[in-house]
1. Gain in length, Leu112 to Ser70, computed as 0.36 nm per residue apart minus the alpha-carbon separation, to one decimal in nm?
2. Which whole-number percent is the relative contact order of the stretch 39-129 (Cα, under 8 Å, 6+ apart)?
3. Could you give each residue of the stretch 22-37 its phi-based ³J(HN,Hα) in whole Hz, using Karplus coefficients 6.51, -1.76, 1.60 with θ = phi - 60°, and x for Gly or Pro?
4. Give me the orientation-averaged projected area of the Cα convex hull of the stretch 39-129, in nm², one decimal.
5. Can you compute 3J(HN,Hα) from phi for each residue in the stretch 73-82, using the Karplus curve 6.51 cos²θ - 1.76 cosθ + 1.60 with θ = phi - 60°, rounded to whole Hz and x for Gly and Pro?
Amino acid sequence: MDTALPSQSQDLGQSPSGPFRAFLTDAIRFWEPRRLVYNFVLAVVVVVWIVASWPHFHPAFTLHSLLLLSVLAVLANVCYCAAYFVDIPMQSLSVGRALRRQRWGLWVMGTLFAILFENYWIVDEIYPFVR
């Protein structure tokens, strides 16, 4: 009896196929257009804080602080990607089709949490140390 030895997969550097690819494509189609709204909402929160307390924040506007603000914006977008870790497994459930229609609730809750976290960060970590 001849048995073939397992060999290296021919698909090793290729994109995923099958149901995972369909789930990923569906998730990208839902989440990525909403990323723009998410970023806009978080930017509005920062602008409101700056305008509302301009005399306090005015001395803090330096090239270094703008670089740190950019890093925080990148981190906010990394946190946005956490939705994929919930969405893709949710789609693979037998009730995934019904739950997919409720994704907007996950987006709203995540965006509200981001706004809450952003306000906390500004009030507790940034505002007291601006001189």
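1. Numbers: separation 42, 0.36 × 42 = 15.12 nm, distance 2.05 nm.
Result for the pair: 13.1 nm of gain on full extension.
2. Values: 21 pairs, mean separation 35.5, N = 91.
Once divided by the residue count of the stretch 39-129, the mean separation gives 39 percent.
3. After applying 6.51 cos²θ - 1.76 cosθ + 1.60, I find 5, 5, 5, 4, 5, 5, 5, 4, 7, 7, 5, x, 6, 4, 4, 5 Hz.
4. On the way: hull surface 25.8 nm².
Approximately 6.4 nm², given one-decimal rounding.
5. In residue order, the calculated couplings are 5, 5, 5, 5, 6, 5, 5, 4, 5, 4 Hz.
All of the numbers you see were taken from the coordinates with simple rules; none came from a lab. Not measured: the values here are computed from a predicted model.
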